[in-house]
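Heads up: the structure comes next, in structure tokens.
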Number of protein chains: 2
Amino acid sequence: VSSAEASPPPVEPGALFLEEIREQPAALLRLLEADAEFARVADEMRAREASTVRMAGHGSSDNAASYGVYAFGLLPRWTALRDSISLTVYYGAELDMSGCTALVLSQSGRTPDVVEYARHARRRGAYVVAFTNDPSSALAAEADAVLALRAGAERSVAATKTYSNQVAALALLAAHVAGEGEKFAAGLRAVAAETMPPFISSLEARIASVARPFAYAGRMFVVGRGVEFATAREIALKLLETCRIAAEPLTATDLAHGPVAALDSLFPVWAIASDDATLPAVVEAVERAREAGATIVASGDAASAIAAAEYRLESPRASLPLLTPLLSILPGQLFASALARVRGLDPDAPRGLSKVTLAR
Amino acid sequence: VSSAEASPPPVEPGALFLEEIREQPAALLRLLEADAEFARVADEMRAREASTVRMAGHGSSDNAASYGVYAFGLLPRWTALRDSISLTVYYGAELDMSGCTALVLSQSGRTPDVVEYARHARRRGAYVVAFTNDPSSALAAEADAVLALRAGAERSVAATKTYSNQVAALALLAAHVAGEGEKFAAGLRAVAAETMPPFISSLEARIASVARPFAYAGRMFVVGRGVEFATAREIALKLLETCRIAAEPLTATDLAHGPVAALDSLFPVWAIASDDATLPAVVEAVERAREAGATIVASGDAASAIAAAEYRLESPRASLPLLTPLLSILPGQLFASALARVRGLDPDAPRGLSKVTLAR
């Protein structure tokens with residue numbers, strides 16, 4: 001090992017974050033190499049009739065779990081929930097988890113209460129599956145099965161490729177449970193190999209001009225519903241951690257139940273519009289936000305339906321509608337990358353954060 | 001009916017909101033008059049073995065549902081979840097809901113997608129229970145059973161007594177399911193009759209001096225965990241709708257997973273500290289927020305454990321630990337009332353909101 005290899009030269013602020021955004025298609029293709037493991041775990045879930053899916057994770061992992069609610073609800077029509085870690089780990093509630101699969105998500109596999117959750121869930125009868133980048137982690141050791149995320153080393157503190165591989169992993173597992181594994185593996189391959197790369201390039205060419213007007217924004221709502229609520233949560237988290245914007249994710253209907261009252265021309269709204277049954281609710285919520293004077297950024301594959309939008313970052317359609325969140329997260333990630341640069345912040349190392357969160 | 005009765009004189013801005021905060025003890029005592037109905041519904045839930053509890057609602061109702069996760073998890077040790085309305089209503093996912101109770105929450109009983117959710121859930125085999133102030137509402141008509149919230153007419157747009165009666169109703173129902181109905185009815189009575197009234201008075205005497213320094217705050221995090229996460233969500237919503245602060249609720253651990261990076265001296269944090277197993281996580285999160293320069297407001301029955309707090313609004317202990325959220329919401333409601341006054345806003349009629357939300 002040469003000394004040059006041992007200590008790589010310092011990189012430009014945000015270079016890792018941007019590099020990892022660009023790596024997402026390759027990371028997804030790596031995940032697909034493990035397709036047979038997903039099929040095997042899905043078989044085991046069916047064999048055990050472990051058809052209530054409890055998901056546990058923090059931050060981006062919890063955002064991906066929001067997507068899992070829809071992947072399992074729409075494919076095998078199973079009930080999936082973001083479980084309370086506090087209930088099990090801190091309060092020690094002895095819930096009966098037989099008939100449950102516990103999908104436990106942690107990039108590092110080292111988040112303490114997530115590892116503890118896995119231990120408790122297994123003791124209470126759940127079939128415990130770890131979703132982690134590190135198959136030798138403490139989390140993996142507590143699980144009945146491990147599905148490696150194969151995102152590869154993630155060096156930027158703000159997660160990108162781990163999030164998208166978690167979303168894809170949840171889709172793939174749910175599809176295998178529903179007997180649609182082959183179809184979804186092909187769909188994921190098409191998204192990763194064909195749709196994502198040109199979309200990333202086209203976004204990179206224009207994202208700075210969309211981000212620049214938000215140089216001084218202090219707060220933002222990010223609105224999404226249904227399968228795109230996970231995207232809204234993840235975009236809001238990227239804006240918080242890399243751009244220091246107080247960005248809050250809301251469903252379209254929740255916006256109308258109170259928060260709309262806070263909007264004005266200094267409080268922009270990012271709306272993710274999907275071409276599905278949730279679109280009228282999103283359109284209606286955006287109209288109310290516009291009436292309050294908010295500037296609107298529209299993304300998603302139905303961004304063109306948001307008449308009131310001042311900026312549009314429309315995503316192409318995915319090969320399967322359930323896979324659109326893999327595309328609709330990209331404008332948010334690249335916007336965060338561009339805006340952090342405008343604001344002089346380093347998304348690779350946000351103040352006060354470290355890559356592995358050991359906080360309770 | 002005299003004309004004076006038909007059109008009451010205009011009231012001072014925020015007078016209704018404050019009056020309804022003060023009415024909460026009386027509203028809780030009214031709820032307890034219906035104790036036998038809660039016992040009957042609980043018996044039915046047990047008889048049907050409808051032991052997965054799906055809750056659906058928006059805004060404050062959804063915040064109360066966050067509490068329901070703990071009430072059912074800790075008392076009968078049943079799994080309770082905040083269900084996705086989108087999955088059932090918009091996407092039409094045909095989930096099997098046999099073995100489930102659906103608790104559907106709406107103040108007015110008229111929120112369209114919540115009413116539709118109740119209809120779908122019943123068709124899919126759930127035992128559907130409506131929690132509403134209006135037993136003659138569309139929601140009540142779709143349900144197998146109705147538990148009237150008995151909060152009385154709520155005239156301020158920002159909900160207060162409906163929220164606390166929803167929390168109490170969830171506690172009472174969960175307690176009856178667990179065979180602890182009598183104990184919890186007595187506990188609720190003690191909170192309402194003995195603990196709340198002097199606490200409200202003592203808060204009113206000093207809340208303006210705590211609120212005034214936040215006259216120009218534009219954003220805030222509200223941190224709570226476990227049973228107090230519902231309180232964090234509800235305080236954040238009150239601050240948004242009545243004070244136009246971009247207030248986001250976070251669990252203590254989620255704060256450390258990213259959002260802490262956005263904090264500085266212009267971004268205060270409200271922390272709700274409970275004297276339970278979640279306290280170390282809350283203390284640790286607050287310490288990290290303090291390091292980032294944030295001003296800390298501490299409330300909850302363990303507020304004194306938050307050494308870094310600049311302001312403390314400690315609540316008294318409840319007769320039963322699970323009932324503390326009925327007390328810990330009060331500082332948030334009264335702070336919002338006082339701060340709205342300082343900012344010249346009218347919490348009775350926030351801009352852009354109406355009492356009955358008919359938005360999709």
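The values are calculated or read from the model by the stated rules, or taken from the named source; none is laboratory data. Note that the structure is predicted; figures quoted are calculated from it, not measured. FYI the Cβ positions are ideal-geometry reconstructions off the backbone, even for glycines, and counts take in every protein chain you see. With ligands, DNA and RNA removed, areas are computed over all heavy atoms of the protein, side chains included. Shrake-Rupley method; radii C 1.70, N 1.55, O 1.52, S 1.80 Å.
Tally the residues that are within 22 Å of residue B:237 (Cα to Cα), in contact (Cβ under 8 Å) with a residue 40 or more places away in the chain and more than 21 Å from the chain's Cα centre (by Cα), restricting the search to the range B:174-210. The total comes to 2.
Taking every residue in the range A:99-119 that is free of Cβ contacts under 8 Å to residues at least 24 places away in the same chain and pairing it with any residue that is of a type in the set (D, E, K, R), at least 6 positions away or on another chain, the pairs with Cβ-Cβ distances below 7 Å are A:119/A:142.
The condition (being under 30 Å from residue A:341 (Cα atoms) and among the basic types (Lys, Arg)) is satisfied by just one residue among A:22, A:46: A:22.
When the test is whether a residue is in contact with a Ser or Thr (Cβ under 8 Å, 6 or more places away or on another chain), within 24 Å of residue A:250 (Cβ to Cβ) and more than 8 Å from chain A (Cβ to nearest Cβ), residue B:66 does not pass it.
Just to verify a result, which residue in the range A:48-60, among those that are open to solvent by 20 Å² or more (accessible area, probe 1.4 Å) and within 11 Å of another protein chain (Cβ to nearest Cβ), is farthest from residue A:231 (Cα to Cα)? Checked the range A:48-60; the qualifying residue farthest from residue A:231 (Cα to Cα) is A:51. Could you grab me the full set of residues in the range A:223-244 that are within 8 Å of another protein chain (Cβ to nearest Cβ), closer than 18 Å to residue A:338 by Cα and without any contact (Cβ under 8 Å) to a residue 60 or more places away in the chain? Matches in the range A:223-244: A:240 only.
Considered as a group, the residues in the range B:30-47 that are among the charged types (D, E, K, R) and closer than 30 Å to residue B:155 by Cβ include one that is surrounded by the fewest Cβ atoms within 10 Å (Cβ to Cβ), and that residue is B:33. Here residue A:266 passes the criteria (1) modelled with pLDDT of 95 or more; (2) within 23 Å of residue A:207 (Cα to Cα); (3) within 11 Å of chain B (Cβ to nearest Cβ); (4) surrounded by fewer than 19 Cβ atoms within 10 Å (Cβ to Cβ) except the one numbered (1).
When the range A:245-255 is filtered for residues that are outside any loop (DSSP other than H, G, I, E, B) and in contact (Cβ under 8 Å) with a residue 12 or more places away in the chain, the ones remaining, listed by number, are A:246, A:247, A:248, A:249, A:250, A:252, A:253, A:255. Residue A:319 meets each of the listed conditions (1) open to solvent by 40 Å² or more (accessible area, probe 1.4 Å); (2) more than 27 Å from residue B:258 (Cα to Cα); (3) at pLDDT 95 or above apart from (3).
Based on what the data block shows, is residue A:27 assigned to a helix (DSSP H, G or I), away from chain B (no Cβ under 14 Å), out of contact with any Phe, Trp or Tyr (no Cβ under 7 Å at 6 or more places or on another chain) and over 22 Å from residue A:159 (Cα atoms)? No: the conditions fail for residue A:27. Among the residues of the range A:252-262, not one is farther than 16 Å from residue A:226 by Cβ and more than 7 Å from chain B (Cβ to nearest Cβ). Restricting the first member to the range A:279-294 and to residues that are within 10 Å of chain B (Cβ to nearest Cβ), and the second to residues that are part of a helix (DSSP H, G or I) and β-branched (Val, Ile, Thr), the beta-carbon pairs closer than 8 Å and six or more apart or on different chains are A:281/A:253; A:285/A:253; A:285/A:260; A:288/A:260; A:289/A:260; A:292/A:260.
The numbered conditions (1) in contact with a Lys or Arg (Cβ under 8 Å, 6 or more places away or on another chain); (2) open to solvent by 20 Å² or more (accessible area, probe 1.4 Å); (3) not small (Gly, Ala, Ser) are all true for residue B:312 except (1). I need the full set of residues from the range B:322-343 which are more than 11 Å from chain A (Cβ to nearest Cβ), open to solvent by less than 60 Å² (accessible area, probe 1.4 Å) and more than 30 Å from residue A:281 (Cβ to Cβ), in order please. B:323, B:324, B:326, B:327, B:328, B:330, B:331, B:334, B:335, B:337, B:338, B:339 - these are the residues of the range B:322-343 that are more than 11 Å from chain A (Cβ to nearest Cβ), open to solvent by less than 60 Å² (accessible area, probe 1.4 Å) and more than 30 Å from residue A:281 (Cβ to Cβ). The set of residues in the range B:237-247 that are within 20 Å of residue B:298 (Cβ to Cβ) and either open to solvent by 20 Å² or more (accessible area, probe 1.4 Å) or of a type in the set (Lys, Arg) (or both) contains only B:238. Only one of the listed residues (A:220, A:196) is within 14 Å of chain B (Cβ to nearest Cβ) and surrounded by 15 or more Cβ atoms within 10 Å (Cβ to Cβ). That residue is A:220.
To keep it simple, each residue is scored yes or no on (1) crowded, with 17+ Cβ neighbours inside 10 Å; (2) within 14 Å of chain A (Cβ to nearest Cβ); (3) within 20 Å of residue B:23 (Cα to Cα).
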| position | (1), (2), (3) |
| --- | --- |
| B:297 | yes, no, no |
| B:301 | yes, no, no |
| B:304 | no, no, no |
| B:345 | yes, yes, no |
